[in-house]
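Down below is the structure, laid out as structure tokens.
Computed from the coordinates by the stated procedures, all read-outs in this text should not be read as laboratory data. What you see is a predicted model, and the numbers here were worked out from it, not measured in a lab. So basically every Cβ, Gly included, is an ideal-geometry build from the backbone, and we count neighbours across all protein chains shown.
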Amino acid sequence: MNQPHRSKTLAGALALFLGWAGAHRLYLGSRLWWLYPVIAMPAMGLAFAASGEAWFRHPGFFVAALVALIAMLEAIVISLTPDEKWDARRNPGSGIASASRWGPVFVAVLSLMLGATLMMSVLAIALEAWFDAIRAGRL
């Protein structure tokens, strides 16, 4: 029985750009793909609804950012998996051997750059709020 061939580059790109929605997990056939949007979307909704202009200081934003960071880490792992291991795990019955070239490398580099930027931004916002609370005597 022929199975569909799953592209490593497409899976990595889905994890990078739509990872918060679990698109890469859905593409790869994971049963729990729906956990990503179930966690990220309500968290961002709460952040937007509760905080007005300071939505990025709400705990919901940090939860959604964590989901996005996990997806970006998965994009890096997916992209840097050797072709033989990828085919053995994701394409056992497809009959097509993966021959990825530079596509997954570019996805991994972009994931690393965007993930590091998001992580530094979230840490800066969190530490600013923490130091403001200490200065105001709330902690």
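Points worth noting:
- Estimated 222 nm signal from helices in the chain, with DSSP H stretches of n ≥ 4 weighted -39500 (n - 2.57), rounded to 500: -23000 deg cm²/dmol
- Dipole in debye (nearest 20) - the chain, about Cα centre, beta carbon charges: Lys, Arg +1; Asp, Glu -1: 260 debye
- ³J(HN,Hα) computed for each position of region 47-53 - Karplus, 6.51 cos²θ - 1.76 cosθ + 1.60, integer Hz, glycine/proline x: 5, 5, 6, 8, 10, x, 6
- Bins of 5 Å from zero: percent of alpha-carbon pairs in the chain: 2, 11, 16, 17, 16, 12, 9, 7, 5, 3, 2, 1, 0, 0
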